[in-house]
1. Looking only at the range 101-132, how many residues end up being in a strand (DSSP E or B) and farther than 25 Å from residue 186 by Cβ?
2. Filter the range 1-30 down to residues that are under 14 Å from residue 86 (Cβ atoms) and among the aromatic types (Phe, Trp, Tyr) and give me whichever is surrounded by the most Cβ atoms within 10 Å (Cβ to Cβ).
3. Counting only residues that are part of a strand (DSSP E or B), aliphatic (A, V, I, L, M) and free of Cβ contacts under 8 Å to residues at least 40 places away in the same chain, which one in the range 133-188 is least open to solvent (accessible area, probe 1.4 Å)?
Amino acid sequence: MAEKPKPVRVVYCAVCSLPAEYCEFGPDFEKCKPWLIQNVPDLYPDLTKDSNSKEEDRVTEQLQSTSLSASASSAPKHEEVKRLPGGKIKKKDKQEVVIEKVVRNKRKCITTVKGLELFGVKLSDASKKLGKKFATGASVVKGPTEKDQIDVQGDISYDIVEFITETWHDVPETAIFFIEDGKKVPAA
């Protein structure tokens with residue numbers, strides 16, 4: 001009979017939680033290096049060579065950068081950047097409301113309102129208020145970018161800016177934009 005294969009023991013990195021072989025492809029390889037040198041030095045032999053001189057250079061560079069940033073108080077502080085899996089950087093959404101009129105079946109149109117949730121507005125409540133105010137159907141739907149938006153039946157783009165600024169005082173008129181002919185135009 002054939003022998004049973006023995007299970008493979010996989011070592012996971014304590015920093016990035018990837019298998020140690022894949023740390024170099026992860027988002028925080030620089031942070032993983034000290035852990036890799038200490039726990040699995042045979043996996044990355046290049047890290048153990050000249051690691052002392054590289055680490056000394058890194059430490060001195062950090063000390064110099066902190067002393068420079070402490071002395072220069074007028075220097076802008078770096079914002080904390082949110083990283084997604086795979087090392088991608090997530091951009092912070094701009095606080096703006098975008099209103100777009102989409103024509104369907106020649107005479108019928110839908111007014112789409114995007115970005116109200118960035119001002120702390122509950123979209124379900126907003127769609128009810130828009131539907132009652134303009135006596136049309138309004139619903140919260142997922143847009144093409146997987147973000148929620150409000151679809152209102154009919155062309156209400158002429159009155160919607162005034163209604164939004166009066167109903168939700170947190171939304172300034174300068175943050176409301178129209179999309180006309182593929183271009184973003186300020187409503188004010």
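1. Here the count works out to 2.
2. So the first thing to find is which residues in the range 1-30 are under 14 Å from residue 86 (Cβ atoms), and the list is 16-18, 22-29.
Among the residues that remain, those that are also among the aromatic types (Phe, Trp, Tyr) are: 22, 25, 29.
Details: 22: 12, 25: 11, 29: 18.
Per the stated criteria, the residue is 29.
3. Of the range 133-188, the ones part of a strand (DSSP E or B) are 138-142, 148-153, 176-180, 183-186.
Among the residues that remain, those that are also aliphatic (A, V, I, L, M) are: 138, 140-141, 150, 152, 176, 179, 185.
Still in the running and free of Cβ contacts under 8 Å to residues at least 40 places away in the same chain: 138, 140-141, 150, 185.
Working: 138: 33, 140: 60, 141: 45, 150: 0, 185: 51 Å².
Among those that are part of a strand (DSSP E or B), aliphatic (A, V, I, L, M) and free of Cβ contacts under 8 Å to residues at least 40 places away in the same chain, it is 150.
The values are calculated or read from the model by the stated rules, or taken from the named source; none is laboratory data. On a predicted model such as this, the values are computed, not experimentally measured, just so you know. Cβ: placed from backbone, ideal geometry, glycine included. Neighbour counts: every protein chain shown. Each accessible area value is taken on the protein alone, full model and side chains, heavy atoms only, with ligands, DNA and RNA left out. Shrake-Rupley method; radii C 1.70, N 1.55, O 1.52, S 1.80 Å.
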